[in-house]
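Here is the structure we will look at.
The values are calculated or read from the model by the stated rules, or taken from the named source; none is laboratory data. Quick caveat, the model's predicted, so the values are computed rather than measured. A quick note on method: Cβ atoms are made from the backbone with ideal geometry, for glycine too, and the neighbour counts reach across all protein chains shown. Side chains included, ligands, DNA and RNA excluded: accessible areas come from the protein's heavy atoms. Shrake-Rupley method; radii C 1.70, N 1.55, O 1.52, S 1.80 Å.
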Amino acid sequence: MASQEIALIDERQPGTSFVERLHGLVITVDHKKLGLMYVGTALGFLLVAGLMALAIRMQLAVPNNTLLEPDVFNRFFTMHGTAMVFLVGMPIIAGLGNYLVPLMIGTRDMAFPRLNAFGYWMFLFGGLLLYFSYLGAPGLAGHGSAPDVGWFAYAPLTGRAFSRGHGTDYWILSLLLTSVGSTVSAINVLATVFALRCRGMTLMRMPLFVWLMVVTNFMILLALPALSASQVMLLIDRYLGGHFFDTQAGGSAVIWQHFFWIFGHPEVYILIIPAFACVSEIVPVFSRKPIFGYPVMVGATVMIGLISVSVWAHHMFSVGMTSVGNTFFAISTFLVAVPTGIKIFNWLGTMYGGKIRLELPMIFCLGFLFQFLIAGLTGVMLAVVPFNWQLTDSYFVVAHFHYTLVGGFLSGMFAGFYYWYPKTSGRLLDRRLGFWHFWLFFIGFHLTFDTMHFPGLLGMPRRVYTYDAGRGWETLNFITSLGALIQAAGVLCLVVNILRSWKKGKVAGNDPWDAWTLEWATTSPPPDYNFETLPVVRSRRPLWDLKHPEDPDWKYD
Amino acid sequence: MRPSLSLRPGILRALALLCACAAWLIIAGHVTQAFGNPSGTTNIFRPLSQPAQEVQELSLLVIAICTVIFLVVAGLLAYTIIRFRQRAGDEASEPPQIYGSNQIEMAWTVLPILIVFVLILVTSRSIANIQNREASPDALRATVIGHQWWWEIRYPKLGIVTANELHVPASDASGRRPTFLKLESADVAHSFWVPQLAGKTDLIPNRENLMWIEPTEIGTYLGNCAEYCGTQHARMLIRVVVQTPEEFERWVGEQQQAAAEEASAAEGRVVFFANSCVNCHTIRGTTAQGMFGPDLTHMMSRQTLASGAAPNTPAGLRAWVRDPQAVKVGCLMPNMQMTDEEVDKIVAYLQTLK
């Protein structure tokens, strides 16, 4: 132990000054540093956008509250949604992919290291530009501030007649920048996986994490151009006299919705599949069994990817599509539930008959499974078109997608943080604080988002800055807001834990979880070159083979 | 290595469990109470009209199916965690390594497909029932036009224009009289949602949407704009007043009359027409022909002002005329900077518009 500790300190080169280290970050093209920068920056944005959510919840805690002005409230929910999707979700995915994919496939870096750095800086400046709108967006006569058109920015509210000032312009331009970042990062991950796998690592021997990252990044390439193109069209509408979405000149408001959701629905899967990826690595290791039905898991993910590009208009059941159109999108949406169900069953199958170690990464995965199950089922309810006519744009939908993104995506990411943090820092996150984080967040989450379904069923529309008493919404909203505070306390535990454990945590060693994939075969943190000699693998679990020479996996391949 | 879940004294655990149960009970109590609330309800599970009733029946079926799936899968999950968790002192050996089973995976692929098949059938049937309904010749037809942030309501065949309150006749066994609504928008997208009557349909500019209702019980039904439409999206409430056919006919008769011209309100009338009120508001039979704001011909017949932002009482009306921005900040009616005297006169005039 002691010698390892000394080695760790040497890795970090004490004595370099703050400015030198900062300079190191600016010029770095190392996939591990960039990965951590992605995740770190995303966590920063998570705190900002989370505080905005807290303010929103405080405003809605009691009826007819005057804490936030209507316009301030509208900006807050727009910025909260936009930031959570583009400045938290997307960069965390990019960060995880960056850090872990090269290690898992046994190579030294990404295929295009400089492009990798470029992607990060595009994301960072895009994010800063979005928030700069608070200062930069006011236009003539002081109209405008941060964007207040909602994160899906339905036309024609974004036209110049209704969105004065430059809030919408900032929304467009900042997202165009982050989209460039996401696109190059996706290209990079794909090129890395297809070109740089170590010897013996056939596609069907890749860890599931890598497979799922491949699917996600393919979907990014497929979906993001739809958003970027429609944003450019909107910009043309606003400044060059185009009439794509300008209804007063014969443009179509519905076509914007189609364009947006052709991006927006795959986007949901782009976010949730990396959470699947984390869970698919962690559940086997903490159940002490290989993943159940690996080829089926790969197939199901690819199916999700394929079907998810044909479900977009289920966000639009109330725009007045024909009954045939509505039926088509209902069917495709039901179909996507099948491979998703298969995945849940396969995780269960992995746990069944194992020896489940209830360590922090695992309990976050269990939270994920439970919450994602519910999110999936409310999703099925939403696909029932007539039911959807009642539920859409109500708080039920808000509860549903927060269940997916907080209960699903974020829980999966938290599991990943606890699992891979020791690899990135060489130290474990504090167990006690971790359990505080889990329980506070779990309780807060369920208080908030379980309760939030009911105001929707009682007729509360989303995106209202206030409401009158007397429709049964008051107490439910108060409980929802209370839960938000508890969740915030949970996240605070995580932040303190991450900062404190970086220098003071228990030393982890190379392989603290007794895991099986290649990233655990190198030191923690890995050296710049990742592996002294590039590994050669013969099965899906190279470290299992190493630890169990009497019963290696490759015998069954 | 310590056993995994950090062991606390049993008493603490029991206490925590107790708290959780208590909290759950309290929340469940409130939910039940909220759903039982009879007054001013917008509960989707208390439908009093088609198509909301058909939607409710379908939704109960779907909720039942989803609940069964949830109980089975969550039960399996809980069983697996408890049954297969690692016991203290059992860390030495690894469990049997199972890589998968084609039969089992086939089973849990086919079963969801069957469930999905059933869902597809019931969903498509219900979509067709609701969306493909033809308007009978005697159906009432109305046009609802969304504005930032109020509703314009027109009955083209009856020659009525009003705002924020849609009057329709009730149907009963002896006579079914559905109302078909044509939905349009004057500016941005809105959505018409009165939960007890029907699901949402959007009002989209440069597009005509159609929906229908067939309420069976008289009463006033509340709803909201359900598509974010800018600053005052929250204060864009719609009311549907369902009346007996006789009362509805009487209401139609009243609305078709020209605006009242009472001598007592002559001063207020002068102030009204001297200000720019007329640029935005119509009072039928006068020179006030503005199209931008609600028609005021019979404004005193309405329950609320500013799309539900204030009650239509003398005090409410006074506050609204004096400074609309104080009642509904950001609304498109400006503060006309009138003196108290002028406000009193205009309010007196408006109150004659019954």
Top-ranked residue in the stretch A:394-428 [being touching a Ser or Thr at 6+ places or on another chain (Cβ under 8 Å) and either within 14 Å of chain B (Cβ to nearest Cβ) or among the small types (Gly, Ala, Ser) (or both); ranked as farthest from residue B:133 (Cα to Cα)]: A:426
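Of these, B:267, B:262, B:254, which one is open to solvent by 70 Å² or more (accessible area, probe 1.4 Å) and under 30 Å from residue B:171 (Cβ atoms)? Give the derivation first.
On the way: B:267 fails: under 30 Å from residue B:171 (Cβ atoms); B:262 fails: under 30 Å from residue B:171 (Cβ atoms).
Criteria check complete, one pass: B:254.
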Cβ-Cβ under 7 Å pairs, at least 6 apart or on other chains, the stretch A:367-393 side more than 7 Å from chain B (Cβ to nearest Cβ), far side among the aliphatic types (A, V, I, L, M) and crowded, with 24+ Cβ neighbours inside 10 Å: A:368/A:275; A:368/A:279; A:368/A:415; A:382/A:391; A:383/A:330
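Looking only at residues in the stretch A:277-316 that are outside any helix (DSSP H, G or I) and farther than 20 Å from residue A:226 by Cα, which one is farthest from the other protein chains (Cβ to nearest Cβ)? It would help to see each step written out before you state the result.
From the stretch A:277-316, those outside any helix (DSSP H, G or I) are A:288-293, A:311, A:316; that's our starting set.
Going one step further and asking which of them are farther than 20 Å from residue A:226 by Cα, we end up with A:288-293.
On the way: A:288: 5, A:289: 6, A:290: 6, A:291: 8, A:292: 5, A:293: 4 Å.
Per the criteria, the residue is A:291.
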Which numbered condition residue A:429 fails, given (1) within 30 Å of residue A:508 (Cα to Cα); (2) under 17 Å from the mean Cα position of the chain (by Cα); (3) crowded, with 24+ Cβ neighbours inside 10 Å; (4) hydrophobic (A, V, I, L, M, F, W, C): (2)
Checking residue A:320 against (1) at negative phi; (2) open to solvent by 10 Å² or more (accessible area, probe 1.4 Å), the condition it does not meet: (1)
Residues that are among the hydroxyl-bearing types (Ser, Thr, Tyr) and surrounded by 20 or more Cβ atoms within 10 Å (Cβ to Cβ), drawn from the stretch A:328-342: A:333, A:340
Unique residue being at the interface with chain A (Cβ under 9 Å from one of its Cβ atoms), open to solvent by less than 30 Å² (accessible area, probe 1.4 Å) and in contact with a Leu (Cβ under 8 Å, 6 or more places away or on another chain) when the list is B:143, B:123: B:123
Pair list, Cβ < 6 Å and 6+ apart or interchain, from the stretch A:324-346 residues that are at the interface with another protein chain (Cβ under 7 Å from one of its Cβ atoms) to residues that are in a helix (DSSP H, G or I) and not β-branched (Val, Ile, Thr): A:327/B:124; A:330/A:383; A:334/A:383; A:334/B:119; A:338/B:112; A:341/B:112; A:342/A:300; A:345/B:108
Any chance residue B:110 is buried (at least 16 other Cβ atoms within 10 Å of the Cβ) and either at pLDDT 90 or above or farther than 30 Å from residue B:170 by Cα (or both): no
Failed criterion for residue A:467 (all others in (1) out of contact with any Pro (no Cβ under 6 Å at 6 or more places or on another chain); (2) among the hydroxyl-bearing types (Ser, Thr, Tyr); (3) part of a loop (DSSP other than H, G, I, E, B); (4) closer than 30 Å to residue A:388 by Cβ hold): (1)
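Considering only the stretch B:169-185, state which residues are open to solvent by 10 Å² or more (accessible area, probe 1.4 Å), in contact with an Asp or Glu (Cβ under 7 Å, 6 or more places away or on another chain) and not in a strand (DSSP E or B). Give the derivation first.
Taking the stretch B:169-185 and keeping what is open to solvent by 10 Å² or more (accessible area, probe 1.4 Å), we get B:170, B:172-177, B:182, B:184-185.
Still in the running and in contact with an Asp or Glu (Cβ under 7 Å, 6 or more places away or on another chain): B:170, B:176-177, B:182, B:184.
Selection gives B:170, B:176, B:177.
Yes/no matrix, rows are residues, columns are (1) modelled with pLDDT under 95; (2) in contact with a helix residue (DSSP H, G or I) (Cβ under 6 Å, 6 or more places away or on another chain); (3) crowded, with 24+ Cβ neighbours inside 10 Å:
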| residue | (1), (2), (3) |
| --- | --- |
| A:161 | yes, no, no |
| A:171 | no, no, yes |
| A:185 | no, yes, yes |
| A:191 | no, no, no |
| A:232 | no, no, no |
Matching residues in the stretch A:120-133 - criterion: being more than 12 Å from residue A:45 (Cα to Cα) and open to solvent by 80 Å² or more (accessible area, probe 1.4 Å): A:125, A:132
Odd one out for residue A:463 among (1) on the phi > 0 side of the Ramachandran plot; (2) more than 8 Å from chain B (Cβ to nearest Cβ): (2)
Filtered residues of the stretch B:53-86 (kept if more than 8 Å from chain A (Cβ to nearest Cβ) and of a type in the set (Lys, Arg)): B:83
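Can you list the strands (runs of 3 or more DSSP E) lying wholly within the stretch B:194-303 that have 1 or more residues being farther than 30 Å from residue A:323 by Cβ?
Details: elements: B:201-203, B:209-215, B:219-225, B:237-243.
It comes to B:219-225, B:237-243.
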First in the stretch A:482-507 and touching a residue at least 60 places away in the same chain (Cβ under 8 Å), second anywhere and among the charged types (D, E, K, R) and assigned to a helix (DSSP H, G or I), Cβ under 7 Å, 6 or more apart: A:484/A:57; A:507/A:5
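Select from the stretch A:468-478 the residues that are at the interface with chain B (Cβ under 7 Å from one of its Cβ atoms) and open to solvent by less than 20 Å² (accessible area, probe 1.4 Å) and list them in ascending order. Let's see the steps before the verdict.
First, pick out the residues of the stretch A:468-478 that are at the interface with chain B (Cβ under 7 Å from one of its Cβ atoms): A:470-472, A:475-476.
Selection gives A:472, A:476.
Could you check the stretch A:496-535 and list, in sequence order, the residues that are part of a helix (DSSP H, G or I) and either within 12 Å of residue A:103 (Cα to Cα) or within 26 Å of the chain's Cα centre (by Cα) (or both)?
A:496, A:497, A:498, A:499, A:500, A:501, A:502, A:518, A:519, A:520, A:521
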Some residue of the stretch B:39-52 being modelled with pLDDT of 90 or more, facing chain A (nearest Cβ under 8 Å), buried (at least 16 other Cβ atoms within 10 Å of the Cβ) and in a helix (DSSP H, G or I): yes
Subset of the stretch A:441-460 that is facing chain B (nearest Cβ under 9 Å) and surrounded by fewer than 23 Cβ atoms within 10 Å (Cβ to Cβ) - its residue that is nearest to residue A:387 (Cα to Cα): A:450
